[in-house]
Amino acid sequence: MLGKLDNIFPRYDFEKLENQYNANHYTKYFTGWQQFIVLLFAQINGKDSLREIETSINLHHHKWYHIGFRGVKRSTLSDAMNQRSWQIYEGSFYRLLEKCQSMNPRHRFRFKNKLYNMDSTNIDLCLFIFPRAKFRKRKGAIKLHYVLDHSGMLPSFLVVKDTNEHDAGVAKSQEKLDFVLLPDSTNR
């Protein structure tokens, strides 16, 4: 499955983002591309601890050479997660989104104007590890806000905020959003 990754998201696109954000500065061998592969593998296989990820990857180390990967240690993965720029993954998301939007299916049922749905979801976090994500007294969380474009069921944008931010406040703020709700669009 990961062997087809180049068809979905070419490595040179990712390396452009790495160069743009200087993501491999002081990196000996574990590049941002390799971290991307590890995170994708962990997400697909439902691995959520560093020990599980390391064990699973090293168990199949002989299958990774064709995508330019040779395994990883827990400490290396932990350091990369802590120090590497998150902007390369945000850029990856927006490039994949553009590709998906160009291939989205066309439906017969259409509104006169575009239909968008704005929603949000809380993502629980460990308060000990993420003290800035304080949600309640002993609970940590962040809120993922998104606008879903119904002509293909793809998100138009995603933004992560504090849990006390309301959807309407995020929609009205123009601080970082590359997406503007059009005045003649239908919003739910």
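The values are calculated or read from the model by the stated rules, or taken from the named source; none is laboratory data. Bear in mind that the values here come from a model prediction, so they are computed numbers and not experimental data. Virtual Cβ from ideal backbone geometry, glycine too; neighbours counted across all protein chains shown.
Observations, loosely collected:
- The set of residues from the range 119-154 being closer than 19 Å to Trp86 by Cα, in contact (Cβ under 8 Å) with a residue 24 or more places away in the chain and in contact with a helix residue (DSSP H, G or I) (Cβ under 8 Å, 6 or more places away or on another chain) comprises just one member, His145.
- Checking Asp48 against (1) outside the structural domain of Glu18 (by TED's automatic domain parsing); (2) under 22 Å from Lys143 (Cα atoms); (3) free of Cβ contacts under 8 Å to residues at least 24 places away in the same chain; (4) exposed (fewer than 13 other Cβ atoms within 10 Å of the Cβ), the condition it does not meet: (1)
- Search result, residues across the range 43-75 that are touching a Ser or Thr at 6+ places or on another chain (Cβ under 9 Å) and among the aliphatic types (A, V, I, L, M): Leu50
- Evaluation of Met153 against the conditions (1) touching a strand residue (DSSP E or B) at 6+ places or on another chain (Cβ under 8 Å); (2) of a type outside the set (Ser, Thr, Tyr); (3) more than 28 Å from Phe30 (Cα to Cα) shows that the sole unmet condition is (1).
- Residue within the range 93-109 that is within 21 Å of the chain's Cα centre (by Cα), modelled with pLDDT of 85 or more and part of a helix (DSSP H, G or I) present: yes
- For the range 112-145, the candidate set comprises residues that are part of a loop (DSSP other than H, G, I, E, B) and of a type outside the set (Lys, Arg); within that set, the residue that is modelled with the highest pLDDT is Cys126.
- Leading residue by the ranking (surrounded by the most Cβ atoms within 10 Å (Cβ to Cβ)) among those in the range 75-93 that are farther than 15 Å from Gln34 by Cα and in contact (Cβ under 8 Å) with a residue 40 or more places away in the chain: Gly91
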